[in-house]
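Please treat every number below as a calculation from the coordinates, not as lab data. Treat the numbers as computed from the prediction; the structure is a model and nothing was measured. Every residue, glycine among them, receives a Cβ derived from its backbone with ideal geometry; neighbour counts consider all protein chains shown.
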Amino acid sequence: MIYPRKMAEYDDDPQNDSRFLRLAQAILRGEPYEELEFGVSKMLNFVLARDGSDTWITPSIIRIRFVGRPTIHPYIVDAAPGVVWDLMGRMGLDRIVEPTVGVARVARGRLRHWPGSARTDMIGWVIPEVDAIVIYTRPVTGELCTTGPIPAEGPWMLPAPRPPWDPPPRKSSRPEHVALPEPLACPHCGAPSTTYRKLTDGFFVCPACSRSFEPGR
Ligand SMILES: [Zn+2]
């Protein structure tokens with residue numbers, strides 16, 4: 001039995017070995033498994049987020065992004081076996097050896113319920129790969145799919161492209177400048193200007209004294 005390390009976000013660690021991915025892959029092939037500690041439920045709660053998520057389990061890290069949000073979150077890979085094991089239970093499957101879609105039912109969940117997490121059935125897509133496991137979840141919106149291979153088209157096709165995913169667009173590091181129709185006096189030094197550098201928080205930077213202030217206050 002393997003106990004997960006502390007469930008903390010951490011950066012991709014090349015020193016991390018791939019045993020957790022290999023264990024998760026063995027579970028997908030139908031090998032028996034013992035339940036892990038409660039902390040894995042937290043990661044599962046992310047995978048089964050209310051609006052769904054896209055999860056990419058690699059040898060060294062789990063990457064997850066929540067539907068509707070561009071950020072890709074890194075998580076410790078130790079949770080992978082428990083997440084896969086619970087998801088297979090929810091989907092009513094003893095093994096997943098090919099890309100599979102099915103209904104992940106709350107009533108069939110295996111891990112303990114994470115406090116405050118949603119208790120709703122989801123559609124789950126699981127793709128076993130040689131060096132990764134890809135999981136998508138989406139809320140059930142009416143019709144339920146039949147458990148089976150992921151079709152190439154139709155409502156049960158993959159809901160998002162396979163990873164690796166592009167990182168979210170970075171905010172431009174180039175300073176933004178604003179041109180004002182009338183001069184605005186700096187509240188610090190009183191110097192009027194029609195052009196200000198604008199910071200990401202909306203503050204203006206005075207070209208005379210370099211101090212920042214919130215315009216309109
Ligand atoms: Zn100033």
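Odds and ends about this structure:
- Average Cα contact separation per residue, the chain, under 8 Å, 6 or more apart, as relative contact order %: 17
- Point-to-point label distance, Asp201-Trp165, nm (Cα→Cβ direction, 7 Å offset): 2.9
- Net charge dipole size for the chain [Lys, Arg +1 and Asp, Glu -1 on Cβ; Debye, nearest 20]: 500
- Global form of segment 137-211, assessed from the alpha-carbon gyration tensor, a/c cut-off 1.5: prolate
- Largest GNM mean-square fluctuation across Ala24, Ala104, Ala160, computed for the chain with C-alpha springs under 10 Å, falls on Ala160.
- Summarising the label geometry, the points placed 7 Å from Cα in the beta-carbon direction at Ser193 and Arg174 lie 1.9 nm from one another.
- A prolate overall shape is assigned to the chain, the ratio a/c of its alpha-carbon gyration tensor axes (a ≥ b ≥ c) being 1.5 or greater and a/b exceeding b/c.
- Between segment 176-217 and segment 134-172, the C-alpha centres lie 45 angstrom from each other.
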